[in-house]
1. Could you please tell me which pairs satisfy a Cβ distance under 7 Å, a separation of 6+ or placement on different chains, a first residue in region 228-243 that is in the same structural domain as Ile272 (by TED's automatic domain parsing), and a second residue that is among the polar types (S, T, N, Q) and not in a loop (DSSP other than H, G, I, E, B)?
2. Consider Leu75 against the criteria (1) assigned to a loop (DSSP other than H, G, I, E, B); (2) surrounded by 14 or more Cβ atoms within 10 Å (Cβ to Cβ); (3) among the hydrophobic types (A, V, I, L, M, F, W, C): it satisfies all of them except one. Which criterion is unmet?
3. Step by step: first the residues of region 335-381, then only those that are in a loop (DSSP other than H, G, I, E, B) and touching a Leu at 6+ places or on another chain (Cβ under 8 Å), then the one that is modelled with the highest pLDDT. Which residue is that?
4. Quick check, is Gln237 within 19 Å of Ala332 (Cα to Cα), modelled with pLDDT under 90 and either out of contact with any strand residue (DSSP E or B) (no Cβ under 8 Å at 6 or more places or on another chain) or aromatic (Phe, Trp, Tyr) (or both)?
5. Which residue, of Thr61, Thr30, is surrounded by 15 or more Cβ atoms within 10 Å (Cβ to Cβ) and free of Cβ contacts under 8 Å to residues at least 40 places away in the same chain?
6. Tell me, yes or no, whether region 259-280 has at least one residue that is under 29 Å from the mean Cα position of the chain (by Cα), charged (D, E, K, R) and in a strand (DSSP E or B).
7. Taking the condition more than 26 Å from Leu8 (Cβ to Cβ), at pLDDT 90 or above and surrounded by 13 or more Cβ atoms within 10 Å (Cβ to Cβ), does Phe86 pass?
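The values are calculated or read from the model by the stated rules, or taken from the named source; none is laboratory data. Predicted model only: the values in this text are computed from it and were never measured. Here the Cβ is made from the backbone with ideal geometry for all residues, glycine too, and neighbour counts use every protein chain on show.
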Amino acid sequence: MRDTTVTLQEALDLLPDAVIVINDHLKIVTINQHTASVFRYQPVELMGQELCMLLPERFRTKYNRYFSNYFSEPLKRRLNVGSDLFGIRKDGREIDVDIAMAPVMIEGIKYAMVTIRDITKLKDLDRVLLQKNEELCLSNAQLQRFGYVIAHDLKAPLLNVHALVRLLNRELCNTLDPLDKNTKKIEGYLQALRDSSVSMMDLITGVADYSKAYLQESLEEDVDLGQVLQEVEQMVQLPPDFELTHRQPLPVVKGNKTKLLQVFLNLINNAIKYNDKPQGKIEVQAHKNHKVCLINIADNGPGVPVELRRKIFDWFKRGNIDKENSQGIGLAIVKKIIEDRGGGILVDESPWGGADFVFSWPLVKLAEKCPPVPGKKERLIVVDKV
């Protein structure tokens, strides 16, 4: 059998990171080959030097104290957890590094083995990704503002069209002969024109409201979900053949009340609108731990087919039941509000064969990626389901 015994130096040279062994005087006693290539020194130039010579001047005082105290409590540890640390090459160029230390005994003498990994390429990639993310965030914010402005500007001429159609209908009613066979056709055309203008107005309002859900400023507060449900029940004017219940007292969560109202109102309004049973049923549940609140809003309606359960959260997607003036924006707004919070939403089958919308509401909001538009007040956005 071939002898595979290697010396300590040979073992260190096999490692992919820079490895430096220092004594309790913080002097370098040995290095591996990768150390020389990372820092651009000849090995002889580093022997007997202090470890801190491989750090920029601004770090040396702090880490020299750390290295001095290390031998009094020698443990495996990383130096730059949660902070950036740099090394400096012979040519003065700084590099991003990750440094770890571990005690080692060599021939009965205590040393510290310092492993230095050059993470410059990784950090450069992180910086590029951060920059691209900021650019994408800015572009998205501009697009949302553009959508809001365009939708807002389209409302005025569309309102004029709607008003002119009503005026034309009134004028023609006074001049058309009720017995004329063409009168019914003209009235039908006018009704279709009115319906189209109303539908387009709803669509434009939905687009503007979707953008507004992104742009409006959110105030963090304690929100009682039980109170939210009571307010929603008053807003939707529950039909007499409908039952809206909740299991146990609903918890208080952190969030923005206006946006939670939007979520509850859209989901419950949809459950009422699309219910096809003689006796409608909606049940709300909420379970909270220290990180997140999981909320269910289930009904006994027709449910959502499996093949549509992901698609219905997209723009202009409708379920298997088509409703008049349904633009397919409501669930997109619901999803956006929840995901902006850092949560998620899905739809499953309820115990009664209907739809069960389940969403998570984190108790701590994700950090804002883009600043909200200053001076914008909150308003409630209510849009139909699909």
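1. Note: pairs meeting the criteria are Val236/Asn269.
2. Failed condition: (2).
3. The first filter runs over region 335-381 and keeps only residues in a loop (DSSP other than H, G, I, E, B), leaving 342-344, 350-354, 363-381.
Next, from what is left, pick out any that are touching a Leu at 6+ places or on another chain (Cβ under 8 Å): 342, 370, 372-373, 376, 378, 380.
Details: Gly342: 91, Cys370: 44, Pro372: 40, Val373: 36, Lys376: 41, Glu378: 42, Leu380: 42.
Here the residue is Gly342.
4. Values: within 19 Å of Ala332 (Cα to Cα): no; modelled with pLDDT under 90: yes; either out of contact with any strand residue (DSSP E or B) (no Cβ under 8 Å at 6 or more places or on another chain) or aromatic (Phe, Trp, Tyr) (or both): yes.
No, not satisfied.
5. On the way: Thr61 fails: surrounded by 15 or more Cβ atoms within 10 Å (Cβ to Cβ).
Being surrounded by 15 or more Cβ atoms within 10 Å (Cβ to Cβ) and free of Cβ contacts under 8 Å to residues at least 40 places away in the same chain holds for just one of Thr61, Thr30, which is Thr30.
6. Going through region 259-280, the residues under 29 Å from the mean Cα position of the chain (by Cα) turn out to be 259-271.
Within this subset, residues satisfying the condition of being charged (D, E, K, R) are 259.
Retained after the next criterion (residues that are in a strand (DSSP E or B)): none.
No: zero hits.
7. Numbers: more than 26 Å from Leu8 (Cβ to Cβ): yes; at pLDDT 90 or above: yes; surrounded by 13 or more Cβ atoms within 10 Å (Cβ to Cβ): yes.
Criteria met by Phe86.
Each row is one residue, and each column tells you yes or no for (1) over 30 Å from Thr7 (Cβ atoms); (2) part of a loop (DSSP other than H, G, I, E, B).
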{"position": "Arg65", "(1), (2)": "yes, no"}
{"position": "Ser83", "(1), (2)": "yes, yes"}
{"position": "Gly87", "(1), (2)": "no, no"}
{"position": "Lys90", "(1), (2)": "no, yes"}
{"position": "Ile95", "(1), (2)": "no, no"}
{"position": "Asp98", "(1), (2)": "no, no"}
{"position": "Ala102", "(1), (2)": "no, no"}
{"position": "Met105", "(1), (2)": "no, no"}
